[in-house]
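Down below is the structure, laid out as structure tokens.
The values are calculated or read from the model by the stated rules, or taken from the named source; none is laboratory data. Remember, it's a predicted structure, so these values are computed and weren't measured experimentally. Every residue, glycine among them, receives a Cβ derived from its backbone with ideal geometry; neighbour counts consider all protein chains shown. For the accessible areas, the whole protein counts, side chains as well, though only heavy atoms, and no ligand, DNA or RNA atoms are used. Shrake-Rupley method; radii C 1.70, N 1.55, O 1.52, S 1.80 Å.
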Amino acid sequence: MLVIVVTGATGNVGRPLMELLGDKARGVSRPEVDLTRPATLEPVVDGAEALFLLFGGDLLGQDTDIASVLDVAKAGGVRRVVLLSSQGAGTRPGMVPHSRLASFEEAVRQSSLEWTILRPSGFFTNAYAWAGRGVAAAPFAEVALPFVDPVDIAAVAAVALQGGHEGQTYVLTGPEAMTPRQRAEALSLPFVEQSAEEAREQMLQFMPPPVVDGTLTILGSPTEEERQVSGHVEQVTGRAATPFADWAVRNAKSF
């Protein structure tokens, strides 16, 4: 039976990916597997054919040796890897943290593995920052971006991990660009616009500074490419990307 290792198995993408793959999935997360110590991956990839590779934001600021991670995977029998990167790795490859993801992408391309790279836009689940607060606070109230449902990312990954999408790089977005104010309205929350500095201070509580600064740059001054809707979710899965309004209904109890 096909065995697929899923790193970050308890995260916003990993959880639905595990569900979609069912008994094919072998899920791992920290501290069981620490990608800064590739040897911890050895027992997990033994006998596996494919690997979903996700590096959390905190790992992007550490000395993560992706070449060693890939070598360990190959030694265990893995022949296919799907890397979760970021749209910014393509649109802003010189900016931290996207520069790290761009280097990870290059390492995957240069490996002898079959590879697929996923470059999602911002996640719908970023709205969980508003949960329990009774108000939605965000900077850049009128800047619209096509965020994506992590379940859609998982759906694309589930297809790619089973083969047929080798050598492809997919940009994953939702079906429409929306502003923070519009997302708040979809959740029936009152909206308060933050300054960029207020947002930065809040984000620093759970993200490293380079990731915060890169994120705020995209949120406030997106390129034309970052504003565009991609059709890759539908191209790979055969169904349209999930609208934010549908995600909001599905997760209304959280707010």
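Quick one: is ARG133 open to solvent by 20 Å² or more (accessible area, probe 1.4 Å), of a type in the set (Lys, Arg) and assigned to a helix (DSSP H, G or I)?
So ARG133 does not fit the description; no.
Listed here are the residues, each with its yes/no results for (1) farther than 18 Å from ALA154 by Cβ; (2) open to solvent by 30 Å² or more (accessible area, probe 1.4 Å).
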{"residue": "GLU224", "(1), (2)": "yes, yes"}
{"residue": "ARG227", "(1), (2)": "yes, yes"}
{"residue": "VAL233", "(1), (2)": "no, no"}
{"residue": "THR237", "(1), (2)": "no, yes"}
{"residue": "PRO243", "(1), (2)": "no, yes"}
{"residue": "TRP247", "(1), (2)": "no, no"}
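Kindly check whether there is at least one residue in region 181-195 that is touching a strand residue (DSSP E or B) at 6+ places or on another chain (Cβ under 7 Å), open to solvent by 50 Å² or more (accessible area, probe 1.4 Å) and of a type in the set (A, V, I, L, M).
Looking through region 181-195, at least one residue is touching a strand residue (DSSP E or B) at 6+ places or on another chain (Cβ under 7 Å), open to solvent by 50 Å² or more (accessible area, probe 1.4 Å) and of a type in the set (A, V, I, L, M).
Give region 66-118 a look and list any residue that's among the acidic types (Asp, Glu) and either closer than 20 Å to ASP34 by Cα or in a helix (DSSP H, G or I) (or both), or say none.
Correct list: ASP71, GLU105, GLU106.
Would you point out the residue of region 45-65, among those that are open to solvent by 10 Å² or more (accessible area, probe 1.4 Å) and modelled with pLDDT of 90 or more, that is nearest to PHE104 (Cα to Cα)?
Here the residue is LEU54.
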